[in-house]
1. Just the residues that are part of a helix (DSSP H, G or I) and over 17 Å from GLY209 (Cβ atoms), please, taken from the range 265-299.
2. Restricting attention to the range 237-254, which residues are within 11 Å of ligand 2 (Cβ to nearest atom) and farther than 18 Å from LEU282 by Cα?
3. Only one of ASN14, ASN77, ASN106 is within 13 Å of ligand 1 (Cβ to nearest atom), surrounded by fewer than 24 Cβ atoms within 10 Å (Cβ to Cβ), at pLDDT below 95 and not aliphatic (A, V, I, L, M); which?
4. Being surrounded by 24 or more Cβ atoms within 10 Å (Cβ to Cβ) and touching a residue at least 40 places away in the same chain (Cβ under 8 Å) narrows it down to one residue among GLY164, GLY229; which is it?
5. From the list LEU49, LEU53, which one is under 17 Å from PHE236 (Cα atoms) and either among the acidic types (Asp, Glu) or more than 19 Å from the chain's Cα centre (by Cα) (or both)?
6. What's the total number of residues in the range 138-157 that are in contact with a Phe, Trp or Tyr (Cβ under 7 Å, 6 or more places away or on another chain) and surrounded by fewer than 19 Cβ atoms within 10 Å (Cβ to Cβ)?
7. For residues in the range 197-236 being acidic (Asp, Glu) and away from ligand 2 (no atom under 12 Å from the Cβ), which is farthest from ILE50 (Cα to Cα)?
Amino acid sequence: MHVCEVGPRDGLQNETVLVATSDKLRLIAGLAAAGLPEIEVTSFVRPDLIPQLADAEEVLRTALATLSTRVRALVPNLRGAERALQAGAPALLQVIGASETFNRKNVRRSVAESSSELHAVAAAARRGGATAMLSVSTCFGCPYEGDVPVEAVTRLVEAAGRAGMLRVEICDTIGVANPRQVYALCEQLRREFPDMRFELHFHDTRGLGLANVVAAIDAGIVEFAGSLGGMGGCPFAPGATGNVCTLDLVNMLNEMGVRTGVRVEPLIELGRWLEGVLGHRLPGHVLRAGVQPVVAKES
Ligand code: COA
Ligand code: ZN
């Protein structure tokens with residue numbers, strides 16, 4: 001199973017404490033050292049709207065210069081893609097909401113306007129020797145519109161495919177998905193788009209994050225996003241809380257006998273250090289409880 005750590009982007013963008021660039025880089029280096037195979041390190045959005053990520057260029061450049069782990073950056077539009085590529089991004093993901101109102105609040109464009117940039121973003125990435133993927137937010141529900149029709153998601157996946165993108169992240173931005181809904185959507189996406197790679201991105205807002213991961217695994221999904229300690233949320237989704245906690249996710253997969261290549265103990269240490277940086281406790285369970293104790297058997 002492939003786990004992508006999105007805490008430095010999705011997590012930090014919702015933290016009120018302005019985290020120093022050096023601490024972000026220490027966090028990213030720690031995540032890489034623990035074996036995370038891919039890290040979403042930042043996003044190239046308007047710095048006046050998301051001041052927490054105003055150091056995107058420096059974070060990306062330094063991460064690329066110092067780490068061998070795959071890194072990627074989120075972009076809201078072509079301008080963001082150009083900034084990311086200028087800073088050397090080897091991979092970027094363009095975010096578009098499946099729901100019209102959410103997309104307008106998040107990136108100030110209609111879904112059609114954002115979709116019309118997919119080709120240009122993919123072409124710019126190709127020219128820069130980078131890969132481009134799509135991230136679809138509010139796939140399971142919208143804070144403004146409620147239910148989101150499955151067709152709104154499949155239309156965007158189709159558009160990504162037409163633009164030459166081979167990978168799509170399916171996000172439950174506000175944590176409203178339930179395991180049956182997740183299974184059904186994943187099963188349909190895999191059936192309709194057999195050549196597309198899907199990553200599932202859950203928020204644990206209502207405590208269903210890991211249950212949804214298991215439902216997605218049952219439907220054949222092998223790629224997931226998580227954030228260290230479960231930090232995060234979304235500044236444009238009222239009430240949204242953190243991602244599925246990477247530690248809890250990796251620990252669960254380990255206990256299920258599924259290999260991720262990620263080591264839990266260094267992540268626990270890193271998570272405790274991060275709590276100090278952020279000035280508050282993080283919601284992850286394994287951060288508190290540690291890994292399951294191995295009880296010595298009586299001989
Ligand atoms: N990065 C930096 N500046 C950007 C930019 C980007 N990605 N996209 C546009 N701009 C600049 C333009 O160059 C222009 O600057 P100028 O006035 O000096 O010429 C100005 O912003 C307005 O451009 P416009 O195309 O009208 O953008 P906008 O104001 O409608 O903003 C977004 C669009 C997407 C950049 C903005 O809404 C945004 O950053 N949203 C944040 C989304 C987010 O982070 N959500 C959470 C994660 S999903
Ligand atoms: Zn998210």
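1. Filtering the range 265-299 for residues part of a helix (DSSP H, G or I) gives 265-278, 285-289.
Result: GLU265, PRO266, ILE268, GLU269, LEU270, ARG272, TRP273, LEU274, GLU275, GLY276, VAL277, LEU278.
2. Within the range 237-254, the subset within 11 Å of ligand 2 (Cβ to nearest atom) is 237, 240-244.
Residue satisfying the conditions is ALA237 alone.
3. Values: ASN77 fails: at pLDDT below 95; ASN106 fails: at pLDDT below 95.
Criteria check complete, one pass: ASN14.
4. Working: GLY164 fails: surrounded by 24 or more Cβ atoms within 10 Å (Cβ to Cβ).
Of GLY164, GLY229, the one residue that is surrounded by 24 or more Cβ atoms within 10 Å (Cβ to Cβ) and touching a residue at least 40 places away in the same chain (Cβ under 8 Å) is GLY229.
5. LEU49
6. 1
7. Within the range 197-236, the first condition is being acidic (Asp, Glu), and the residues that meet it are 199, 204, 218, 223.
Within this subset, residues satisfying the condition of being away from ligand 2 (no atom under 12 Å from the Cβ) are 218, 223.
Numbers: ASP218: 36, GLU223: 27 Å.
Taking the candidates together, the pick is ASP218.
Here is a yes/no grid of residues against (1) part of a loop (DSSP other than H, G, I, E, B); (2) not β-branched (Val, Ile, Thr):
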residue: HIS119; (1), (2): no, yes
residue: SER135; (1), (2): no, yes
residue: LEU156; (1), (2): no, yes
residue: GLY175; (1), (2): yes, yes
residue: ALA184; (1), (2): no, yes
residue: ASP195; (1), (2): yes, yes
residue: HIS201; (1), (2): no, yes
residue: THR205; (1), (2): yes, no
residue: ILE217; (1), (2): no, no
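The values are calculated or read from the model by the stated rules, or taken from the named source; none is laboratory data. Keep in mind that this is a model prediction, so the values were computed, not measured. Because the Cβ atoms are built from the backbone with ideal geometry, glycine has one as well, and the counts that use them run over all protein chains shown.
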